[in-house]
Amino acid sequence: MGRESSPTSEKRCVIRGKSGTGKTELCRAVAHQLVAEYPDGQIYIKAREHESADTSLYRILETVIHIFDPFAQISDDLDPLYGYYLSVLNGKRVFIILDDLAFGHNLHLLTPPSSCALLITTNENSEIPDVYSISLSGLSQENSEHLLVSICPRIGQYAATLSSLCQNLPLNLCLVASYMNRDLEIRIADFILELEEYVERSINAENASVEKILGYIVDHLTNDERNLFSQLGILADGFSKELLVELTNLEADNEDAVRMNIQKHLDAFTSLHFLTYDEDQNYYRMQPIIQDFALRSLGNAQEIWYRLAKVFTTSTIWYNTLANRSADGYLLSVLVFDEHKIRRAGTCTPGFS
């Protein structure tokens with residue numbers, strides 16, 4: 001990790017680095033450490049692929065505003081929108097994470113009040129005046145080998161070769177070691193040869209190494225595991241097992257059997273480092289780069305999008321009922337509506353931000 005600028009603003013920071021260096025996980029770790037300092041909220045927003053800088057900026061401002069004022073009327077003009085953004089955050093201590101952000105000329109409109117903190121991750125190298133920035137790169141060779149062996153001790157003498165194949169990127173190392181640890185019958189020397197051949201014959205030679213390694217591992221999952229992995233791509237920002245049960249089989253005769261099967265797959269995905277599990281919240285999360293990969297592998301499977309729409313539409317009716325009764329806290333569950341999912345599912349499907 002290297003520092004690129006002096007800490008001119010201790011509450012605004014940009015973390016740079018290519019995919020797989022651990023930017024998102026570092027943000028989550030920092031947020032966890034600062035929960036007590038920012039008691040009014042911690043907001044995580046992931047930039048969308050192919051979204052323009054101004055569109056992303058508008059969506060971020062709109063999301064934050066609706067979290068604190070769900071019925072706010074949103075302006076089409078960025079300047080008054082930014083004023084409203086400052087207004088809803090004024091006097092509050094909120095920690096905001098903007099993940100994988102593309103920089104634009106209006107980036108200053110994201111600066112929150114001084115009581116709040118802003119943490120941005122990006123793959124870009126653009127400089128932002130008066131913002132503290134750091135860069136993340138791959139681990140050292142020694143630390144890479146240590147990480148591999150700590151996850152899968154039998155890697156042993158092959159650690160140096162695998163580290164190089166993984167480009168010393170933390171996510172690659174975790175994926176490879178976890179895959180090796182899952183199936184003890186795989187000979188490591190054979191795995192290295194197969195992975196090298198897989199990477200060389202990849203359709204898109206420019207793909208990031210993380211995607212190539214993910215592609216190899218997903219190709220070696222069972223059919224049931226691949227199907228469920230793809231379906232997880234639509235559940236951005238995490239999910240509970242209960243939601244997944246509803247999503248994967250709404251009309252199953254034996255719900256207990258469905259739950260047991262899903263739990264088996266969730267345990268497998270967690271062991272493969274596809275998912276992380278928060279025991280306190282009983283909540284699963286998929287790293288953004290893995291979630292994006294899963295979503296692309298799902299494609300336009302209309303049935304699963306229909307199921308998601310049906311689940312969330314039912315939820316929306318329930319939340320609206322609570323709202324009409326002035327029930328406290330109903331907006332803690334549904335904060336904003338994700339127009340991207342509405343378009344994909346063809347119906348009203350609220351997303352979580």
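Can Leu57 be described as at pLDDT 85 or above, aliphatic (A, V, I, L, M) and closer than 23 Å to Thr24 by Cβ?
Taking the combined requirement at face value, the residue satisfies it.
Does the range 20-52 hold any residues that are at pLDDT below 85 and open to solvent by 30 Å² or more (accessible area, probe 1.4 Å), and which are they?
Residues satisfying the conditions are Arg48, Glu49, His50, Glu51, Ser52.
Looking at the range 148-162, is at least one residue under 21 Å from the mean Cα position of the chain (by Cα), in a helix (DSSP H, G or I), surrounded by 15 or more Cβ atoms within 10 Å (Cβ to Cβ) and aliphatic (A, V, I, L, M)?
no
Checking Lys18 against (1) free of Cβ contacts under 8 Å to residues at least 12 places away in the same chain; (2) under 17 Å from Ile134 (Cβ atoms), which single condition isn't satisfied?
Evaluating Lys18 over (1) free of Cβ contacts under 8 Å to residues at least 12 places away in the same chain; (2) under 17 Å from Ile134 (Cβ atoms) leaves (1) as the failure.
Give me the pairs: first residue in the range 221-244 and closer than 19 Å to Thr24 by Cα, second residue of a type outside the set (Gly, Ala, Ser) and not in a helix (DSSP H, G or I), beta-carbon distance under 7 Å, and six or more apart or on different chains, which are they?
Correct list of pairs: Leu232/Met286; Ala236/Lys46; Asp237/Tyr44; Asp237/Phe352; Gly238/Tyr283; Gly238/Tyr284; Gly238/Arg285; Phe239/Tyr284.
Please name all residue pairs, on different chains or six or more residues apart, with Cβ atoms under 8 Å, provided the first residue is in the range 182-201 and is loosely packed, with under 15 Cβ neighbours inside 10 Å and the second residue is basic (Lys, Arg).
Leu184/Arg154
Looking only at the range 163-181, count how many residues are in a loop (DSSP other than H, G, I, E, B) and either polar (S, T, N, Q) or open to solvent by 10 Å² or more (accessible area, probe 1.4 Å) (or both).
Residues meeting the conditions: 2.
Would you tally the residues in the range 102-114 being open to solvent by 30 Å² or more (accessible area, probe 1.4 Å) and modelled with pLDDT of 85 or more?
Looking only at that region, the number is 2.
State all residues of the range 76-101 that are open to solvent by less than 40 Å² (accessible area, probe 1.4 Å) and not in a helix (DSSP H, G or I); if no residue qualifies, say none.
Correct list: Val94, Phe95, Ile96, Ile97, Leu98, Asp99, Leu101.
In this structure, is Ser137 open to solvent by 40 Å² or more (accessible area, probe 1.4 Å), in contact with a strand residue (DSSP E or B) (Cβ under 9 Å, 6 or more places away or on another chain) and part of a loop (DSSP other than H, G, I, E, B)?
Judged against the criteria, Ser137 is a match.
The values are calculated or read from the model by the stated rules, or taken from the named source; none is laboratory data. All figures in this text were calculated on a predicted structure; none of them were measured in a lab. Please note: Cβ atoms are built from the backbone with ideal geometry, for glycine as well, and neighbour counts cover all protein chains shown. We work out accessible area using only protein heavy atoms, side chains counted, and drop any ligands, DNA or RNA first. Shrake-Rupley method; radii C 1.70, N 1.55, O 1.52, S 1.80 Å.
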